[in-house]
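Chemist: Take this structure first; my questions come after.
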Amino acid sequence: MKGFSYSVVETILAKEEKINIVVNNAGIAAHGPTVDISIEDVQAAFEMNTISVICICKAVLPHMASRKQGLLITIGSIAGNVPTPWSGIYSATKAATHSITQTLQMECRPFNIDVMLVMPGGVKSNFMDNYLTWFCLPEDSLYSRYLPNILARILLSQTEAMPTDNFT
């Protein structure tokens, strides 16, 4: 992944000499009609939501394996199992992350590393508010007349969301 640095992991190991638990909780939105999302935004979503998980695993799992202990937690999303209209790219990134995490559960077993996947629904945050500050449909979108429905779906994950304190 462009710009990824292992320096944080190296700094922690130098100071603390071990890493026991890692929580992969990176995420960016990629909502809207699948064919209207730019390839650059699709790539950015996969880099943040999926490839970053692999990068962190590559950085910490060898250390955990050498100690024969550790816990890796990945925060996925119910959208990775149940895609909905206007969330195809986001759902695809989370489905890929789920698959990677489930595979890691099997691959890390010989090293006594526990791997856990958490798949919450909506959690109250600024996640979608931030996304909506720059979201728009292309002028030639096939879905222009559905914009109110698209916006309603995007906001649904926050209006029906659990409070952040209940999730943490």
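Chemist: Go ahead and run the numbers for FRET between residue 140 and residue 28, Cβ-Cβ distance against an R0 of 25 Å, rounding to 0.05.
Modeler: Once rounded, the FRET efficiency stands at 0.50.
Chemist: In what sequence, highest mean first, do 99-107, 29-37, 75-83 appear when ranked by Cβ atoms within 10 angstrom? Don't jump to the answer; show the numbers that get you there.
Modeler: Numbers: 99-107: 15.8, 29-37: 20.6, 75-83: 18.8.
Taking the mean over residues of other Cβ atoms within 10 Å, the ranking is 29-37, 75-83, 99-107.
Chemist: Between residue 116 and residue 66, what's the calculated FRET efficiency when r is the beta-carbon distance and R0 is 22 Å? Round to 0.05.
Modeler: The computed FRET efficiency comes out at 0.60.
Chemist: Please list the equivalent ellipsoid semi-axes of the range 59-105, computed as the square roots of five times the alpha-carbon gyration tensor eigenvalues, in descending order and whole angstrom.
Modeler: So the equivalent ellipsoid measures 29, 8, 7 Å along its semi-axes.
Chemist: For the range 1-88, run through the GluC sites (Glu not before Pro) and keep only the ones in DSSP coil with at most 13 other Cβ atoms within 10 Å of their Cβ.
Modeler: Working: sites: 10, 16, 17, 40, 47; in loops: 17.
The qualifying sites are 17.
Chemist: Tell me, 90, 6, 146 in order of fewest to most beta-carbon neighbours within 10 Å?
Modeler: Ranked by crowding around the Cβ, least crowded first: 6, 146, 90.
Chemist: To continue, here is another question. Need one number: the % of Cα-Cα pairs in the range 2-96 sitting beyond the 19 Å mark.
Modeler: Result: 48 percent of Cα pairs exceed 19 Å.
Bear in mind that the values in this text are calculations on the coordinates, not laboratory data. In this text, all values refer to a predicted model and were calculated from it rather than measured experimentally. Reconstructed Cβ throughout: ideal geometry from the backbone, glycine too, with neighbour counts over all protein chains shown.
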